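Read through the structure below, which is laid out as structure tokens, and then see the notes.
The values are calculated or read from the model by the stated rules, or taken from the named source; none is laboratory data. What you are looking at is a predicted structure, and each value in this text was computed from that prediction instead of being measured. Cβ: placed from backbone, ideal geometry, glycine included. Neighbour counts: every protein chain shown. In case anyone asks, the SASA skips ligands and DNA or RNA and just uses the protein heavy atoms, side chains included. Shrake-Rupley method; radii C 1.70, N 1.55, O 1.52, S 1.80 Å.
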Amino acid sequence: MKCSEFLSSIKSQGAKLSPGVSPKLITLTNSSLQNMHSAILPQFIIDLYLQCGSINLGNGYIFGPQEVSRGNKYPIPSISDINKELTSFSRLHGKTVFGRNDLFWFAFDSFGSCFMLDNINLNELRKYEDPYKAMMDCLIAGNI
């Protein structure tokens, strides 16, 4: 699957996408993640952010480089902000959380591998070969 196919599929299911971001903001986000000793953004996330800054489907979120206001609902935090909150969890060292739903967290490591993590203790539950499958699982589970 490619980024455009993923976005088309998730839009058809009712996902809300924020506008794409600038390469400069992606660079700033990478610097912020690197300063936290988290994994920097892999190419699949960079490609996604250039087309849409974040995605929301029900209670599933793909965090973007910027916080997203949602009117009367709480905002979707930026990927940097959510990872700042989670830096104390040793299980996440070398990983970056990029998505969440009511049941699971989703993260990638410095090799670009994606993981589904338990919502309570952040244990790895599943490793993904296809990052778009990980993002799809994150968002679809948030819509159940």
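Under 15 Å Cα to Cα from K95, which aspartates and glutamates show up? Leave out anything in the same chain fewer than 8 places away.
The qualifying aspartates and glutamates are D81, E85, D109, D118, E124.
So, with +1 on the Cβ of K and R and -1 on the Cβ of D and E, and no other charges, what is the size of the charge dipole of the chain about its Cα centre, to the nearest 20 debye?
240 debye
Under 17 Å between alpha carbons, and skipping anything fewer than 8 positions from K24 in its own chain: which aspartates and glutamates qualify?
Partners found: D47, E67.
Considering only protein heavy atoms, with the full assembly of protein chains and a 1.4 angstrom probe, order L86, L25 by accessible area, largest first.
Output order, biggest surface exposure first: L25, L86.
For the chain, what is the accessible area per residue in Å², given a 1.4 Å probe and the full set of protein chains?
So the chain comes to 51 Å² accessible per residue, rounded to a whole number.
For the chain, what does the relative contact order come out to in percent, with C-alpha contacts under 8 Å and a separation of six or more?
Relative contact order, the chain: 23 percent.
Under a crude label model (7 Å from the Cα following the beta-carbon direction), how far is N35 from N72 in nanometres?
3.7 nm
What list of ³J(HN,Hα) values in whole Hz, one per residue of the stretch 28-37 in order, does the Karplus curve 6.51 cos²θ - 1.76 cosθ + 1.60 (θ = phi - 60°) give from phi, with Gly and Pro shown as x?
Couplings: 5, 5, 4, 4, 4, 5, 5, 5, 8, 6 Hz.
Out of the total accessible area of the chain (probe 1.4 Å, heavy atoms of protein only), what percent is carbon and sulfur?
Of the solvent-accessible surface of the chain, carbon and sulfur hold 51 percent.
So what is the 222 nm mean residue ellipticity for the chain from helices alone, if each DSSP H run of at least 4 adds -39500 (n - 2.57) and you divide by all residues, rounding to the nearest 500 deg cm²/dmol?
-10000 deg cm²/dmol
Of the labelled options (1) 13.7, 38; (2) 22.5, 84; (3) 14.4, 41, which one gives Rg and Dmax of the Cα atoms in Å as computed for this structure?
Read-out taken from this structure: (1).
In terms of Cα to Cα distance under 25 Å, which lysines are near enough to K73, apart from those fewer than 8 places away along the same chain?
K11, K16, K84
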